[in-house]
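These notes concern the structure reproduced below.
Each reported figure results from applying straightforward, stated rules to the coordinates on display, with no laboratory input. Everything quoted here is computed from the prediction, not taken from an experiment. Neighbour counts are summed over all protein chains in view; Cβ atoms, including those assigned to glycine, are modelled from backbone coordinates with ideal geometry.
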Amino acid sequence: MDELMYVVAAPFKRNDSTSISVRDFDYSLSFDLKWISPQQAAALRDLAVESGLLREEDKLLYPSFDPSTLTIPRDFHPSGDLLKQTLLIDKMLQYIAVCSNLEIRDIASKVNQIQEHFS
């Protein structure tokens, strides 16, 4: 979870902001930091929303923690394990979407509702 927190915190720290647009979040990870591809950034963003580290409201992202309290190591770079986990979740969501004829965003929303229900 610490690694994902670092990834989530980085765009907020770079922009010195408490909220950021979805586009700017993905752009920061992909092009500013050059950590991952835009597709991987979107998958990591979805993972962060599903895990409760981010919430999306009116096309803006808000962290569920204070990014300014984190010190990201200078040589930090997301590991392949985090990216594999992200890609697996993306594949699972796609599979559920195909089987259920629902949009991925709707599925993620339902997952978030269930997580909130169970705290």
Please state, to two decimals, what the Cα-based radius of gyration of the chain comes to when divided by 2.2 N^0.38 Å (N = residues). 1.04
Residues listed by number, region 55-72, amide nitrogen under 11 Å from residue 115 label point at 7 Å toward C-beta: 55-56, 64
Size of the dipole of region 57-119 about the Cα centre, Lys and Arg at +1 and Asp and Glu at -1 on the beta carbon, nothing else charged, in debye to 20? 200 debye
Between helix 2-15 and the chain, what is the angle of the helix's C-alpha long axis to the longest principal axis, kept within 0 to 90° and rounded to the nearest 10? 60 degrees
Per-residue counts of other Cβ atoms within 10 Å, averaged by peptide: what ranking do you get for 100-113, 12-25, highest first? 12-25, 100-113
